[in-house]
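A quick write-up on the structure given underneath.
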Amino acid sequence: MTEGLKKAWAEMVQPLLRRPPEVQVAALCGRQSDDGIEVLLITSRDSGRWIVPKGWLMDGKSAAEAAREEAWEEAGVKTAMLTPVPVGTFAYEKRLDTGYRAPVEVQVFYLDVSELSDIYPEARERERKWVSPAQAAEMVNEPGLKAIFQEM
C-alpha cells in the first residue's frame, strides 16, 4: 500500500500543487560588425553575472514591446528593429523578494540594434558588453540561454 500512496502522491497530487511558470520577456540585442554578429550582454544588479535585458510583461504592451522597453531601461538600446515573434525560450528559477523560488519561462525577442545611448535608466547599475554569440554562450549561466546563443 505504501508504494501505491507514493505513486499517487508523485503522479497526481504533486503536479496539482506546482505553480505554473511565471512569464518574462527578454531582449536578445544584436548588431552586425566586421567580424560577424555581436550580441549585447549586461550585468545583473544583484550578482553581477552576465545576462540579457529581461523583465515582466507590461500592461498595454505586447511581449515584444515589453522586451524592447527592458532593452532601453537596462541596456540603453535607443533604436532597434524588433522581431515580433520569439526567437526562443529558456527557463530558470527566480528568487523572489519573499525568498521563494519561482519557475520562470522567458520568451526571447531579437532586436537588431542601430543605436545605443549612454544615458538610460539603469546606466549606473549595470555594465554592458558586445561579444560574439560563442563568447556570450560561455559567459551566461542559464543553459537555455546558452543554447540560444550557440544556435546563432
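FYI, it's all coordinate maths here, none of it is from the lab. Bear in mind the structure is a predicted one, so any value in this text is a computation, not a measurement. We place every Cβ from the backbone using ideal geometry, glycine too, and count neighbours over all the protein chains shown.
The distance between label points at residue 46 and residue 100 comes to 1.5 nm (points 7 Å beyond Cα on the Cα→Cβ vector). The HN-Hα couplings worked out from phi for region 141-150 by the Karplus form 6.51 cos²θ - 1.76 cosθ + 1.60 (θ = phi - 60°) are 9, 6, x, x, 6, 3, 4, 4, 5, 5 Hz, whole numbers, x standing for Gly and Pro.
Give the shape of region 20-150 as rounded, prolate or oblate, defined through the alpha-carbon gyration tensor: a ≥ b ≥ c are the square roots of its eigenvalues, a/c under 1.5 means rounded, and otherwise the shape is prolate if a/b is larger than b/c and oblate if not. Intermediate values should be presented prior to the final figure.
Details: a/c = 1.38, a/b = 1.29, b/c = 1.07.
In terms of gyration-tensor shape, rounded.
For the chain, relative contact order (Cα pairs under 8 Å, six or more residues apart, normalised by length) works out to 28 percent. Calculate how many DSSP beta bridges within region 20-150 are antiparallel, expressed in % of all such bridges and rounded to the nearest 5. Here the share of antiparallel DSSP bridges comes out near 70 percent.
Ellipticity at 222 nm from helices only: DSSP H runs of n ≥ 4 in the chain, each -39500 (n - 2.57), divided by the residue count, give -7000 deg cm²/dmol.
Only Lys, Arg, Asp and Glu carry charge here, each on its Cβ (+1 for the first two, -1 for the last two); on that basis region 54-152 has a dipole of about 160 debye about its Cα centre. Computed from Cα positions, the angle between helix 63-75 and the longest principal axis of the chain comes to roughly 60 degrees. Taking a ≥ b ≥ c as the square roots of the eigenvalues of the alpha carbon gyration tensor, region 31-90 is oblate, as a/c is not under 1.5 and a/b does not beat b/c.
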